[in-house]
Amino acid sequence: MGRDPLRTELMKGAMAYLVLSVLREGELYGYQIAVKIRERSDGAFAPSEGSLYPTLHRLETEGGLEAAWRAGDRGPRRRWYRITPAGLAKLAALEEEWAAFSSAVHRVAARREPSPA
Amino acid sequence: MDLQPAEVGEVLEELNSHLSDAAAGWREAGLDMDVAEQRAIRGLGDPAELGRELGRARHRRKQLLAAVGGAVFSALGFGAASFAVVGLLATAVVLCSLSVFTAIVQLTGMSVSGWFTGPAANAGTVALALLWFAWMGWALPARVARRLGRSVRGVRLVVGIAGLAVGSALVWTVFSADIDWILALGLPLGPAAFLFTALRPAPSVRSFPQTTARGRLALLLAVVVATTAAGFATARANDYASWWEMNLASIGSPSDTEPLLASSGSSVDWGEVQGGPGRLAVYVLSDSTDAAAFEQRFSEFRLEVWPVATEGHEVQVGPAPLVVAATPVAPEMVTSLDLPTPRNAILVETVAVLVAKDGTRVLLEAAGEPELTPPWRGTLVDWWLTAR
């Protein structure tokens, strides 16, 4: 099933926001993060691994996330991610920026110029 | 993958665990094992692209450092260029005004000096510095944000604090000038003005008043006229020496001056200030035919700098010299001393004194023209911490 190109581009821009949002509530590993995002969006957002893992690693490099390997009860060990104070600050900034952006998009889309008589 | 060898193992392990979780998820959704694994693998997308993206993500610090370096370089370049522009404009205006000023002085026969010095000139310097810092604070965040690929809002605080720190370091420890109270209090406000404008949203360029060519010419003329007027306002008349009388009573025996000069045949040649601010060289020459008698009578030559104050047409000498430089007397002497440089310039008079064998101080000659002590020169840190 092909993806909607617009949605893919929007996902790329919003991925850090979505990842930080789900990690605000506790530690998760990569697959769990993808599942949570998909479930919370009722399937509207299904992040591909190709965009999820680069985002996780970038956020870790920037100090917004901390990662630690931990052995699971069954199956392979996993890399768990936890949000840091810097990540919380970035999340707050992203929330503000996203609210301003979506509000502006709505204003533009909702405006109707009077048609010339 | 664009990853270091040590990173590859960790990344592959993480992706493997993801693939097994994803395959398990698809199996729970009802797919066969083979199909579930295929779906999980397909979810990773193009492996080469994923490797490149992971490499970029993990080496973002290097990219960020490069961007920060570029931003700092850009900021320094912009700062230097804008400083040069402000300096060139100020020089051009002063040169234009100087021509007008000189022409008026020559036409009217006025005698003035020291224009663009003193409190008014220093207030102008402070105003220019504040304008420059405020302009930098207004313009730099947008340039730095563009270099870093971030929003202006995101870099405003960092740029503001960096500008405050760098600007303060430059103003306090590098900038060296003839400092007075106006500069000492006004210049530190410059970096604060930078922070203030950096933290405020930059106004739209369109909000600046637009001027026509005629308007700009009128503005330039107004600046030249204002600068010329400032020159006259800050200049001092040179006719001071023609009407004062000096009261040397506190120095000692002014009546001894003439007989001594006549009998000893000595004279004082007051040299020029040389060897840096505040250093005065004095040449004492004697053409006495009886040098031995001269040496026999006097044991010491002193050069003294006295504080003086003007009251009406009289110059009152202070109670004690500020500086004394003493040497053994000789028919020909060259001596020098460092004039004091207090924070606030004061009028001083330099006098030459001979000390007789019996201890009598004899005034040889006064320099004859009270002058202000050299302006205090140095950095703001020295001015606040070491100046008297």
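The values are calculated or read from the model by the stated rules, or taken from the named source; none is laboratory data. The shown structure was predicted, so the numbers you read here are calculated from the model rather than taken from an experiment. Please note: Cβ atoms are built from the backbone with ideal geometry, for glycine as well, and neighbour counts cover all protein chains shown. We work out accessible area using only protein heavy atoms, side chains counted, and drop any ligands, DNA or RNA first. Shrake-Rupley method; radii C 1.70, N 1.55, O 1.52, S 1.80 Å.
Taking 0.36 nm per intervening residue step and subtracting the Cα-Cα distance, what contour gain separates residue B:223 from residue B:33 on full extension? Please list the in-between numbers first.
Details: separation 190, 0.36 × 190 = 68.40 nm, distance 8.42 nm.
Between residue B:223 and residue B:33, full extension yields 60.0 nm more.
Residues of segment A:23-42 that become at least 40 Å² less accessible with every protein chain present than in their own chain isolated, using 1.4 Å: which are they?
Output list: A:31.
For residue B:128 and residue B:326, calculate 0.36 nm times their separation in residues minus their Cα-Cα distance, and state this gained length in nm to one decimal.
66.7 nm
Output wanted: per-residue J couplings in Hz (rounded whole) for segment B:136-146, from phi through Karplus 6.51 cos²θ - 1.76 cosθ + 1.60, θ = phi - 60°, x for Gly and Pro.
4, x, 6, 9, 5, x, 5, 5, 5, 4, 5
What nm value, rounded to one decimal, do you get for the distance between residue B:66 and residue B:309 when each label is placed 7 Å out toward the C-beta?
Simple spin-label model gives 6.9 nm for this pair.
Are there residues in segment A:75-95 whose accessible area shrinks by at least 10 Å² when all protein chains are included rather than the chain by itself, and which are they (probe 1.4 Å, ligands and nucleic acids not counted)?
A:76, A:77, A:78, A:79
So how much slack lies between residue B:300 and residue B:93, counting 0.36 nm per residue of separation and subtracting their Cα-Cα distance, in nm?
Net length gain for the segment: 69.2 nm.
Using θ = phi - 60° and the Karplus relation 6.51 cos²θ - 1.76 cosθ + 1.60, list the HN-Hα couplings for segment B:69-81 in order, rounded to whole Hz, with x at every Gly or Pro.
After applying 6.51 cos²θ - 1.76 cosθ + 1.60, I find x, x, 5, 5, 4, 4, 5, 5, x, 5, x, 5, 5 Hz.
For residue B:106 paired with residue B:293, estimate the spin-label separation in nm (one decimal), with each label point 7 Å from Cα along the Cα-to-Cβ line.
5.4
How much accessible area per residue does segment A:27-104 have, in Å², with a 1.4 Å probe?
Ligands and nucleic acids excluded, the result is 51 Å² per residue.
Chains B and A: buried accessible surface, both sides, probe 1.4 Å, rounded to 100 Å²? Intermediate results must be reported in sequence, preceding the final value.
Working: alone 23040 and 8240 Å², together 29240 Å².
Between B and A, the summed buried area is about 2000 Å².
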